[in-house]
Amino acid sequence: MIQGTVVGRQARIGVIILPPRRPPVEIECVVDTGFEGFLTLPSAVITDLDLVYLAPMRANLADNSHIVTNVHQATIFWNGIEREIPVLAMGRRPLIGTALLSDYHLGIDFCEGGTVLVDEIL
């Protein structure tokens, strides 16, 4: 089970990233159920973590505009398991998308300081 907290009307949980040749880094991310990918990180964070570049990708944003963004690969520690996932280099705030939440239950108590729980669907 993964736990987080509601801060300023945002469900937030920590994601542990295992960068190459460095100790693990925990990054607080906002859960964005409108984002169908795995994870976004600001470009500066991706550079700092030295994540492996994969390819450019055309992305459709919430306002239905399109951009080209870079896709990188990250190894994360998710619910006790190491996983390799694609990470989009975009935005100012790290986001967790629904692809990372696939096969998990998401529970949120939407009040300041409320509990965010992500647990495997059995």
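Here, each number is a calculation from the coordinates, and none is a lab measurement. Owing to the predicted nature of the structure, the values given are computational and were not obtained by experimental measurement. Here the Cβ positions follow ideal geometry from the backbone for every residue, glycine too, while neighbour counts run over all protein chains shown.
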Practice prompt. In nm, give the distance between the simple-model label positions of R83 and A59, each being 7 Å from the Cα along the Cα-to-Cβ direction.
Written response: 1.8
Worksheet item: With the chain treated as a Gaussian network of Cα nodes joined by springs under 10 Å, which of V87, V71, V25 yields the largest mean-square fluctuation?
Response: V25
Worksheet item: Got a sec? How would T5, T33 order by Cβ neighbour count within 10 Å, fewest to most?
Response: T33, T5
Worksheet, complete the sentence: The correct pair for the chain, radius of gyration to one decimal and Dmax as a whole number, both in Å and from Cα atoms, is 14.2, 39
Worksheet entry | Residue-by-residue Karplus 3J(HN,Hα) for region 96-105, coefficients 6.51, -1.76, 1.60, Hz, glycine and proline x | 9, x, 6, 5, 6, 8, 4, 6, 10, 9
Worksheet item: So how do H66, H72, H105 line up by other beta-carbon neighbours within 10 Å, fewest first?
Response: H66, H105, H72
Discussion item. If a paramagnetic tag sat 7 Å from the Cα of D109 along the Cα-Cβ line, which residues of region 1-27 would have the backbone N under 17 Å from that point?
Written reply: 2-13
Practice prompt. Quick one: among D32, D50, D103, which has the greatest mean-square fluctuation in a GNM of the chain with alpha-carbon springs under 10 angstrom?
Written response: D103
Fill in: Check: region 2-120 dipole with +1 on Lys, Arg Cβ and -1 on Asp, Glu Cβ, in debye
380
